[in-house]
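What follows is a set of notes on a single structure, which appears directly below.
What follows draws every value from the coordinates through simple rules; no lab data is involved. The structure presented is a predicted model; accordingly, all values stated were derived computationally and were not measured. FYI the Cβ positions are ideal-geometry reconstructions off the backbone, even for glycines, and counts take in every protein chain you see.
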Amino acid sequence: MAVTSLRAEATDLLARLIRVDTTNPPGNETAAAELLREYLEANGVACELYARTPERANLVARISGTGGGPSLLLLGHTDVVLADPDEWSVPPFSGEVRDGEVWGRGALDMKSQVAASAVAIASLAREGFEPSGDLVFAATADEEVGAGFGLEWLCEAHPDAVRCDYAINEGAGDRIVLGDRAYWICSAAEKMSSPFRIRVHGRSGHASMPGIADNALVKAARLIERISAYRPEPQLQPEVEGFLRAVLGEAPSAGQALDRARALGRAAAEIVEPLLAPTFAPTMITASQKRNVIPALCEVVVDCRLLPGQHQKAVEPVVRAVLGGDVEYELEWMEAHGGTRSPLDTPLWSAVESFVEERDPGAKAVPTCVAGFTDSHWLREAFGTVAYGFFPTRTMPVEVIAQLIHSADERIPVDDLELGLDWLRHAAHTLLA
Ligand SMILES: [Zn+2]
């Protein structure tokens, strides 16, 4: 293998990964897993492919520990969301490198971290790194849809392949500046995706004579108004408390948290706001399929995100009280995903802190909770893994990153890719020395 910088190696691998179209559905992640296997085996890293169906393989690579130390998993998903070429300035699966940035679907979410993880483990293997515990890299399928081909399935069908004490996944890594200090955000928890369906019944009839019918859609509208106007009592989660304590120098009360965050600026307020309480957003509605028929049934889907540790059973009476007693309805929870957290006083947290101190003197690592959710919860639920979302970015501003993920012209500065790679190598050295 020609001598080249790790930066160039990661750039090249990311560009090649982007050129493999792993749009999910259908995914076809096996093509990405094969590419990674070829690269890793050429660097002396043992790999295994695990697939529930042949075209949707997960790759697991490992440097076995010399004994006694904890295990560290570098986790990334290889599938991406749909890209409409008409919206893009470059073909979305080109992997073009232009003006110091790698362009293409997955450049941020999250083939960059996948490429950096692969180069981290490959370079450590080449250097003869002997970890005290296993250093594992998993490139998994099907995160974006979550139909049971990826990490969820691996944890169940091949737990020994992915069991780990610590894991580094996607979820955060942004650098924000508040006042005259910089903060690096690391996610240690996620809310629970907990949507529910409300079914309202009425009586159908011809729309020209509304008086003879009982319009389920009109009745549902009352419930929609109530749920969207509802403002739950704020609560201070440990991650938000840790964040506010770091940026304010003290932890405010739950009731003051949002105002205090707003006073620091928009970035802080945007981080804190969705994490103080469960959220309820009505997003889908179905009623009559014919313009002139008054619907006897109306179904409303509410996207609901509970705080980590909150349970549907406990929240349901609150939701019913908000909906009131004058409209008859049925309420059905559709799923419960995520809602887990990892503690903050861990060696992995210390590794985040020491990396931040080293690369950005005076800056501070701060915790957060993800308002959506990632694959980390599968590991926390199956193995009690300490899993954080941290892939540091510095060159591209946070607001730009937020606009580009799942959107057109997704791209990553090579400087940020290299920074992420440096972090993963630092974590391996720090935890597995
Ligand atoms: Zn992702």
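Note on the range 380-390: residues that are within 15 Å of the ligand (Cβ to nearest atom) and of a type outside the set (Gly, Ala, Ser) amount to 2. Which of the residues spanning the range 105-142 are more than 16 Å from Glu29 (Cβ to Cβ), part of a helix (DSSP H, G or I) and away from the ligand (no atom under 15 Å from the Cβ)? Across the range 105-142, the qualifying residues are Val119, Ala120, Ile121, Ala122, Ser123, Leu124, Ala125, Arg126.
Check Ala246, Ala277 and return the single one that is outside any helix (DSSP H, G or I) and in contact (Cβ under 8 Å) with a residue 12 or more places away in the chain. Outline the logic, then answer.
Values: Ala246 fails: outside any helix (DSSP H, G or I).
Unique residue meeting the criteria: Ala277.
In this structure, does Ala46 turn out to be surrounded by fewer than 23 Cβ atoms within 10 Å (Cβ to Cβ) and among the aliphatic types (A, V, I, L, M)? The answer is yes for Ala46.
Considering Val119, Val90, which residue is touching a helix residue (DSSP H, G or I) at 6+ places or on another chain (Cβ under 7 Å) and either of a type in the set (Ser, Thr, Tyr) or more than 15 Å from Asp375 (Cβ to Cβ) (or both)? Full working, then the answer.
Working: Val90 fails: touching a helix residue (DSSP H, G or I) at 6+ places or on another chain (Cβ under 7 Å).
Testing whether each residue is touching a helix residue (DSSP H, G or I) at 6+ places or on another chain (Cβ under 7 Å) and either of a type in the set (Ser, Thr, Tyr) or more than 15 Å from Asp375 (Cβ to Cβ) (or both) leaves just Val119.
Would you check if Glu241 is assigned to a helix (DSSP H, G or I), closer than 26 Å to Phe391 by Cβ, free of Cβ contacts under 8 Å to residues at least 40 places away in the same chain and not polar (S, T, N, Q)? For Glu241, the condition - assigned to a helix (DSSP H, G or I), closer than 26 Å to Phe391 by Cβ, free of Cβ contacts under 8 Å to residues at least 40 places away in the same chain and not polar (S, T, N, Q) - is met.
Within the range 20-73, which residues are farther than 25 Å from Leu124 by Cβ, of a type in the set (Lys, Arg) and touching a strand residue (DSSP E or B) at 6+ places or on another chain (Cβ under 7 Å)?
First, the residues of the range 20-73 that are farther than 25 Å from Leu124 by Cβ: 21-28, 30-31, 51-56.
Next cut, of a type in the set (Lys, Arg) only: 52, 56.
Hits for the range 20-73: nothing passes.
So, Gln312, is that one within 30 Å of Val177 (Cβ to Cβ) and out of contact with any Gly (no Cβ under 8 Å at 6 or more places or on another chain) or not? Spell out the reasoning first.
Details: within 30 Å of Val177 (Cβ to Cβ): no; out of contact with any Gly (no Cβ under 8 Å at 6 or more places or on another chain): yes.
So Gln312 does not fit the description; no.
Where strands (runs of 3 or more DSSP E) fall entirely within the range 1-104, those with at least 2 residues that are in contact with a Gly (Cβ under 8 Å, 6 or more places away or on another chain) and on the phi < 0 side of the Ramachandran plot are at 72-77, 101-103.
Within the range 346-379, being touching a Gly at 6+ places or on another chain (Cβ under 6 Å) and within 16 Å of the ligand (Cβ to nearest atom) holds for Val370, Phe373, Thr374, His377.
Pick out, from the range 156-232, the strands (runs of 3 or more DSSP E) lying fully within it that include 3 or more residues that are of a type in the set (Gly, Ala, Ser). First the steps, then the outcome.
On the way: elements: 166-169, 175-178, 181-190, 196-201.
By residue number, 181-190.
Here is a list of conditions, (1) closer than 30 Å to Ser94 by Cβ; (2) part of a loop (DSSP other than H, G, I, E, B), and Glu335 meets all of them except one; can you say which number that is? Looking at each condition in turn, Glu335 falls short on (1).
Across the range 279-328, which residue is farthest from His377 (Cα to Cα) among those that are acidic (Asp, Glu) and loosely packed, with under 14 Cβ neighbours inside 10 Å?
Initial filter on the range 279-328 (acidic (Asp, Glu)): 299, 303, 316, 326, 328.
Remaining after also requiring loosely packed, with under 14 Cβ neighbours inside 10 Å: 316, 326, 328.
Working: Glu316: 23, Asp326: 39, Glu328: 36 Å.
Residue satisfying both the conditions and the ranking: Asp326.
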